[in-house]
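The values are calculated or read from the model by the stated rules, or taken from the named source; none is laboratory data. Predicted model, so just to flag it, every value in this text is computed and none were measured. Glycine also receives a Cβ, built like all others from the backbone with ideal geometry; neighbour counts cover every protein chain displayed. The protein model used for the area step is the full one, side chains on, heavy atoms only, and it has no ligands, DNA or RNA in it. Shrake-Rupley method; radii C 1.70, N 1.55, O 1.52, S 1.80 Å.
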Amino acid sequence: MQLRTMAWMRAALSALGMWGAACASDADLSCQGDQDCLDSEICHPDEHECVRRCSTSKECFPARPNCQELSPPSNTTRICKA
């Protein structure tokens, strides 16, 4: 019984790992408006991609480490930029 339980656990963990890897590669950040993004994000007007709002660079991710205004002086919303 113990061997069968371990085999099922391995199969379940393998399936979960493959599913997680497939989902991570299909990340789609495209958007048409702010409603398509998370509450902490806005839809970039030129790139049509969800970008994170921020106050300081500490809130940003390594891919976009700089917290800067979207397009000064017309739009002073601060977002994470590369």
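General observations
- Residues in the range 53-82 that are charged (D, E, K, R), open to solvent by 90 Å² or more (accessible area, probe 1.4 Å) and either free of Cβ contacts under 8 Å to residues at least 12 places away in the same chain or in a loop (DSSP other than H, G, I, E, B) (or both): LYS58 alone.
- Any hit, the range 43-52, residues being on the phi < 0 side of the Ramachandran plot, in a helix (DSSP H, G or I) and exposed (fewer than 10 other Cβ atoms within 10 Å of the Cβ): no
- Residue in the range 17-42 that is modelled with the highest pLDDT, counting only those that are under 14 Å from the mean Cα position of the chain (by Cα), outside any loop (DSSP other than H, G, I, E, B) and surrounded by fewer than 14 Cβ atoms within 10 Å (Cβ to Cβ): SER30
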